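Novice: Sharing a structure below in structure tokens format, with a few things to ask.
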Amino acid sequence: IVQGDYDKNVAVKAELGKFAAKVLMTVVNEKSIIAVTGGTTVASVVDGMSEYTTKKACMVVPARGSIGRDVETQSDILAARLAEKLSAEYRLLYIPDAMSSRALNEVMNEPSIRKTMSSMNKADILILGLGEALEMARKRRVSDDVYKILVDKKAIAEAFGYYFDKDGNVVYESNLVGLGFEDLKRIPNIIAV
């Protein structure tokens with residue numbers, strides 16, 4: 001939590017990113033595998049990270065597939081940028097966030113994808129962006145039926161393709177590629193921004 005109101009001052013997001021980067025440095029070590037989601041909030045963490053010439057983490061991987069047209073905030077790009085700043089290795093996923101089951105099964109047989117998914121499943125740190133539900137639904141181009149469900153169930157927040165109401169109940173779950181809500185239980189260090 002940082003001081004300020006992002007709705008009134010966009011510089012608040014940069015401060016949030018810098019603070020989250022400091023938090024990351026309190027839990028990371030040379031053996032850490034860091035998974036990162038995409039989005040502007042996680043991009044602010046990467047932007048707020050100092051550059052290190054000595055290895056600060058083992059590897060950085062995307063936690064999800066990529067969405068949208070804004071390449072600079074996709075999880076693959078953010079993973080590579082963060083790895084560079086931490087003098088760590090990285091692996092990329094190279095797949096969109098949402099895919100049909102049939103297409104996903106085909107892609108999952110690719111050796112590079114299997115390696116990335118394996119590393120992702122060993123992550124001990126997750127940097128997770130939280131978003132406004134309806135804004136994220138638009139970015140993900142959900143169907144009109146799904147959008148109506150989110151409105152009717154009063155979804156206010158989104159994380160990992162899960163949409164939540166004001167009481168924290170999951171009101172809708174997307175079928176997305178990568179780490180899921182259930183994986184949070186096994187990741188010891190989660191930085192939600």
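Here, each number is a calculation from the coordinates, and none is a lab measurement. Please read all numbers here as calculations on a predicted model, not as lab measurements. Cβ coordinates were reconstructed from backbone atoms using ideal geometry, including for glycine residues, and neighbour counts include every protein chain displayed.
Novice: Stokes-Einstein D for segment 26-91 at 10 °C, 1.306 mPa s, Kirkwood Rh over Cα pairs, in µm²/s?
Specialist: Roughly 137 µm²/s, to the nearest whole number.
Novice: Pick from Ala155, Ala11, Ala63: which is most flexible by mean-square fluctuation in a GNM of the chain where alpha carbon atoms under 10 Å apart are linked?
Specialist: Comparing Ala155, Ala11, Ala63 in the GNM, the peak value goes to Ala11.
Novice: With an 8 Å cut-off on Cα pairs and a minimum separation of 6 or more residues, tell me the relative contact order of the chain in percent.
Specialist: With pairs under 8 Å counted, the relative contact order is 21 percent.
Novice: Another question, if that's okay. Please tell me the relative contact order of segment 126-179 in percent, rounded to the nearest whole number, where contacts are Cα pairs under 8 Å and at least six residues apart.
Specialist: Relative contact order comes out at 30 percent.
Novice: Which lysines have a Cα lying under 24 Å from the Cα of Lys85, excluding residues fewer than 8 positions away in the same chain?
Specialist: Within the straight-line limit of under 24 Å, Lys85 reaches these lysines: Lys13, Lys18, Lys22, Lys31, Lys55, Lys56, Lys115, Lys122.
Novice: Only Cα pairs within less than 10 Å get springs; with that Gaussian network setup on the chain, which residue of Val61, Val36, Val142 has the largest fluctuation?
Specialist: Maximum fluctuation in the GNM of the chain, among the listed residues, is at Val142.
Novice: Separation of segment 22-89 and segment 102-173 by C-alpha centroid, Å?
Specialist: Segment 22-89 and segment 102-173 have Cα centres separated by 19 Å.
Novice: Using the Cα gyration tensor of segment 84-193, with a ≥ b ≥ c the square roots of its eigenvalues, what is the shape: rounded (a/c below 1.5), prolate (a/b larger than b/c) or oblate (neither)?
Specialist: In terms of gyration-tensor shape, oblate.
Novice: Turning to a different aspect of this structure: Which of Lys122, Lys139, Lys56 moves the most in a Gaussian network model of the chain with Cα springs under 10 Å?
Specialist: Fluctuation is largest for Lys139.
Novice: Return the FRET efficiency for the residue pair Ala103, Val23: r is the Cβ-Cβ distance, R0 is 45 Å, and the value is rounded to the nearest 0.05.
Specialist: 0.80
Novice: Turning to a different aspect of this structure: Using alpha carbons only, what's the Rg to Rh ratio of the chain with Rh from Kirkwood?
Specialist: Ratio value, two decimals: 0.96.
Novice: Moving to a separate point now. Only bridges with both residues in the chain count here: give the DSSP antiparallel percent, nearest 5.
Specialist: Antiparallel: roughly 40 percent of the beta bridges in the chain.
Novice: Cross-link candidates for Lys154: which lysines have Cα within less than 20 Å, leaving aside residues fewer than 8 places away along the same chain?
Specialist: Lys139, Lys166
Novice: Compute the Cα gyration tensor for segment 53-132, then decide on rounded, prolate or oblate, letting a ≥ b ≥ c be the square roots of its eigenvalues: rounded whenever a/c is under 1.5, prolate when a/b is larger than b/c in the other cases, and oblate in all that remain.
Specialist: Oblate shape, in that a/c is at least 1.5 and b/c is the bigger or equal ratio.
Novice: In nm, to one decimal, how far is the modelled label at Leu130 from the one at Ser87, with both set 7 Å along Cα→Cβ?
Specialist: Here the modelled spin labels are 3.4 nm apart.
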